[in-house]
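A.B. asks: Have a look at this one.
The values are calculated or read from the model by the stated rules, or taken from the named source; none is laboratory data. Please read these numbers as outputs of a predicted model, since none were measured by experiment. Reconstructed Cβ throughout: ideal geometry from the backbone, glycine too, with neighbour counts over all protein chains shown. SASA here: full protein model, heavy atoms, side chains in, ligands and nucleic acids out. Shrake-Rupley method; radii C 1.70, N 1.55, O 1.52, S 1.80 Å.
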Amino acid sequence: DVLPARHEELLQAARERRIGVESGYLNMLTGLCSEEELIRNLYYSARLNRLHGVPFESCTITDAPSHVWSVPSVLAGAGIRCLSVGVNQIRAPLFKKGIHLKSPFWWEGPDGARVLTWFASGYSQAGQIGLNDGFDRMRAAVERDLTWWDKRQDYPYDAILLHGAYSDNVSGTKHIAQTITEYARRYAYPKVVLCANNDFFAHIEKHFAAQVPTVRGCGGSWWEDGAASTAVETGINRVAHQDIVAAETIWAVCRPRAAGACAAGCPTCRA
């Protein structure tokens, strides 16, 4: 009985906005996905929203450095308002061309739909300012690594986003919350706020919406080459894309009708 109780504890925390649940189920390689797959990547969190009232507002993608142009259209079409991308810079030409210097920006899809977007220079940035290592190291790291934003003449906002706290295969701990609490007791500035992804974007949209630039275009696919190691499985998956859509289309046509009521020869109803 422990697990169901913890599940409800998590859902309640999400409803109260004490913890964020992102809309994407996995960190997808969007260049390998069909539009149908990108949509279905949102299904699980959408169901949490529908059945349990978990907010369904933002998306986070970690590690993969670039994404195709259909992403903002798919997210906006589902009601998602913001996207944070934690970039792995090993292969990230888009990032090296300075896309992060435009952050935050409205990423506008080919249909004109858009999401408020941030490209971060990594995906364990909270760890980089010492949140896992206690108050003293955090204060020194904040003074060293964060105040440079104040010197940017082209950055009119009063907040920045640090994407993520942990690198790969690391268990979460309570140290971050403890360190931020201690920091807040002693310092009013720079303020460090532990928040869900959408909280940062809500702040930017509320106070600076008119100053956020718009970016149009495709980010490309700079991590998808890894699928070459599983070429056979990738090919099987792509065939399955089409088979599933075709099967569901037939089911949707036949399901509302009574058995035997479909057109003559329908294999489902045997009419």
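A.B. asks: Please state the relative contact order of segment 1-138 as a whole percent: Cα pairs under 8 Å, 6+ residues apart?
C.D. replies: Details: 215 pairs, mean separation 27.3, N = 138.
This gives 20 percent for segment 1-138.
A.B. asks: Go through L29, L116 and list them by solvent-accessible area, largest first, probe radius 1.4 Å. List each step's numbers first, then the result.
C.D. replies: Working: L29 50, L116 0 Å².
Descending accessible area places them as L29, L116.
A.B. asks: Here's something else I'd like to know. Amide H of W106: which non-local residues (sequence gap of 5 or more, or other chain) have their own amide H closer than 5 Å, using H built in the peptide plane?
C.D. replies: So W106 has HN proximity to T117, T214, V215.
A.B. asks: Hey, which lysines would be in cross-link range of K206, C-alpha to C-alpha under 29 Å, not counting anything within fewer than 8 residues on its own chain?
C.D. replies: The qualifying lysines are K97, K102, K151, K191.
A.B. asks: Could I ask something else about it? Rounded to the nearest 500 deg cm²/dmol, what is the calculated helix-only ellipticity per residue at 222 nm for the chain, with -39500 (n - 2.57) per DSSP H run of length n ≥ 4?
C.D. replies: When only DSSP H runs of four or more count, the value is -11500 deg cm²/dmol.
A.B. asks: In addition: Work the Kirkwood hydrodynamic radius out for segment 1-118: mean of 1/r over every pair of different alpha-carbon atoms, inverted, in Å. Display every interim value, and only then the final one.
C.D. replies: On the way: mean 1/r = 0.0657 Å⁻¹.
Hydrodynamic radius (Kirkwood, Cα pairs) of segment 1-118 is 15.2 Å.
A.B. asks: Over the heavy atoms of K96, what accessible area does a 1.4 Å probe trace out, to the nearest 10 Å²?
C.D. replies: Answer for K96: close to 130 Å² accessible.
A.B. asks: In degrees between 0 and 90, to the nearest 10, how far off the longest principal axis of the chain does helix 2-15 point, with axes built from Cα atoms?
C.D. replies: Computed tilt is about 70 degrees.
A.B. asks: Something else now. Using a 1.4 angstrom probe with every protein chain in place, what is the largest-first accessible-area order of K102, K151? Don't skip to the answer; put the middle values down first.
C.D. replies: Numbers: K102 110, K151 160 Å².
The residues order as K151, K102, largest area first.
A.B. asks: Along segment 178-192, what does the Karplus equation 6.51 cos²θ - 1.76 cosθ + 1.60 (θ = phi - 60°) give for ³J(HN,Hα), rounded to whole Hz, x for Gly and Pro?
C.D. replies: These are the phi-based 3J(HN,Hα) values: 5, 5, 5, 4, 5, 4, 5, 5, 9, 10, 9, 8, x, 7, 10 Hz.
A.B. asks: Shifting gears a bit: Need one number: % antiparallel among DSSP beta bridges in the chain, to the nearest 5. Show your work: numbers first, answer last.
C.D. replies: Working: 4 of 18 bridges.
Taking every DSSP beta bridge with both residues in the chain, the antiparallel ones total about 20 percent.
A.B. asks: Specify which residue in the list A184, T234, V212 is farthest towards the positive end of the charge dipole of segment 167-248, using unit charges on the beta carbon of Lys, Arg (+1) and Asp, Glu (-1), about the Cα centre.
C.D. replies: Checking the options against the dipole of segment 167-248, the answer is A184.
A.B. asks: Against the 2.2 N^0.38 Å scaling, with N counting residues, where does segment 23-62 land? I'd like the Cα-based Rg ratio to two decimal places. Let's see the in-between values first.
C.D. replies: Numbers: Rg = 10.5 Å, N = 40, 2.2 N^0.38 = 8.9 Å.
For segment 23-62, the normalised Cα radius of gyration comes out at 1.18.
A.B. asks: Treating only the Cβ of Lys, Arg, Asp and Glu as charged (+1, +1, -1, -1), what charge dipole size does segment 181-259 show about its Cα centre? Round to the nearest 20 debye.
C.D. replies: Working: 8 positive and 8 negative charges, 90 e Å.
Here segment 181-259 has a charge dipole of around 440 debye.
A.B. asks: Can I ask one more? Express the Stokes-Einstein translational diffusion coefficient of the chain in µm² s⁻¹, to the nearest whole number, given a Kirkwood radius over alpha-carbon pairs, 20 °C and a viscosity of 1.002 mPa s.
C.D. replies: On the way: Rh = 21.1 Å.
My calculation gives 102 µm²/s for D.
A.B. asks: Hey, another quick one. Treating the beta-carbon of each Lys and Arg as +1 and of each Asp and Glu as -1, no other charges, what is the dipole magnitude of the chain about its Cα centre, to the nearest 20 debye? Before the final figure, lay out the partial values.
C.D. replies: Numbers: 28 positive and 28 negative charges, 88 e Å.
Charge dipole, the chain, about its Cα centre: 420 debye, nearest 20.
A.B. asks: Suppose the chain between I250 and F208 were pulled fully straight at 0.36 nm per residue; how much longer would it get relative to their current alpha carbon spacing?
C.D. replies: On the way: separation 42, 0.36 × 42 = 15.12 nm, distance 4.78 nm.
Taking I250 through F208 to full extension adds about 10.3 nm, to one decimal.
A.B. asks: Next question. Can you give me the orientation-averaged projected area of the convex hull built on the Cα atoms of segment 160-247, in nm²? Kindly include the intermediate steps, with their values, before the conclusion.
C.D. replies: Working: hull surface 43.9 nm².
The number I arrive at for segment 160-247 is 11.0 nm².
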